[in-house]
1. Amide H neighbours of VAL70 under 5 Å, at least 5 residues apart or on other chains, H built in the peptide plane: list them.
2. Highest mean first, what order results for 129-135, 57-63 on Cβ atoms within 10 Å?
3. How far apart, in nanometres, would the label points at ASP87 and LEU104 be if each is projected 7 angstrom from Cα along the Cα-to-Cβ direction?
4. Going by average Cβ neighbours within 10 Å, how do the peptides 115-123, 69-77 rank, with the highest at the top?
5. Please give the charge dipole size of the stretch 98-140, origin at the Cα centre, charges +1 on K and R Cβ atoms and -1 on D and E Cβ atoms. Round to the nearest 20 debye.
Amino acid sequence: MADAVWTPVALTIAAVTAVAGGLGLVTAAKNGRKAIGGARVPVVVVIGGAFAGIATIGRLKQLLGARVKVVLVEEREGFFLAVHSKDAILHPEKMGGLWLGFSLFWSAGPDEVVRGRAARLGEGSVELEDGREVAFDYAVVATGTWSPPPGKVLATTR
């Protein structure tokens, strides 16, 4: 049997399936927010706002809508289209077009965006490098890959 290949799409499907399946078992979400009628809404933290994170958020909101609160934890102010970054070395005028606003990728985005870099993932919360904590019922780690410049940029803003 061949080894499984985990692509951002496969990971997204697995994460959304796990969260959606788990919601059927949730009776009380300790970190949830109140919804209409006083019911608790589970909080799903998605760490990472690149391809896998954006796809996960979109699918969660499409499938579950207001039945879940989605929080994106991302250090960058937008999405950097790294696949075209090497082209920008030869054509620096294209660099600005590689930074895209998150809102371009979803019709129903996260309920909250927390700018910061995740340092530790604990039971029920993620600690950011600056000491802040973000509480969750479910977490999806969608941090992707890293390579040195020029393949990726180190900047967090345009």
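1. When sequence neighbours closer than 5 places are left aside, the close amide H contacts are VAL44, ASP111, GLU112.
2. On the way: 129-135: 12.6, 57-63: 19.6.
By packing density, highest mean first, the sequence is 57-63, 129-135.
3. 1.2 nm
4. Working: 115-123: 13.6, 69-77: 21.7.
Answer by packing, highest mean first, reads 69-77, 115-123.
5. Values: 4 positive and 8 negative charges, 45 e Å.
Once rounded to the nearest 20, the dipole reads 220 debye.
Each value in this text was obtained by applying a stated rule to the coordinates, not by laboratory testing. Here the structure is a predicted model, which is why all the values come from computation and not from measurement. Cβ: placed from backbone, ideal geometry, glycine included. Neighbour counts: every protein chain shown.
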